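Report on one structure; see the data block that follows.
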Amino acid sequence: MYFVSSLSQYIVMSRIEEEKRVVELMIRLYCRHKEGNAELCESCQALLQYAHARLSKCPFGDKKSTCRLCTIHCYKPNMRDKMRAVMRYAGPRMLLHHPWYALKHIWQELR
Ligand SMILES: [Zn+2]
């Protein structure tokens, strides 16, 4: 039991940092596979910076749910559209490329 409670404490504490990492992985995956760029392109870089800034300012802090359920609602329209496209593409592929992050993400949404 101790292990379980300290594990969930760790997850809650690092929620925002974790979220930033997942968003970055998804944007990189999208840019590389969907857009065919070797390096993160300018518009994806802008989206990533925007997403990280939004996460840092998130009023829900560590109590927030995952980005799919929450962040999207506070994005400005053009960033939101791009983020939607990124998530639609990278979401299912995360299971393939980063199964641990993907599973953790799904688990957080279910809580
Ligand atoms: Zn790109």
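The values are calculated or read from the model by the stated rules, or taken from the named source; none is laboratory data. Keep in mind that this is a model prediction, so the values were computed, not measured. Protein only, heavy atoms only, side chains kept; ligands, DNA and RNA dropped before computing areas. Shrake-Rupley method; radii C 1.70, N 1.55, O 1.52, S 1.80 Å.
Structure notes:
- Candidate residues W100, W107: accessible-area rank, largest first, probe 1.4 Å: W100, W107
- Whole-Hz couplings from phi, Karplus 6.51/-1.76/1.60, listed for the stretch 36-48; x for Gly and Pro: x, 9, 6, 10, 4, 6, 4, 6, 6, 4, 5, 5, 4
- Across the protein chains, with a 1.4 Å probe defining accessible surface, the residues I106, I27 rank I106, I27 from largest area downward.
- In this structure, the pairs whose alpha-carbon distance is over 18 Å, taken from K76/K104; K20/K82; K20/K104, are K76/K104.
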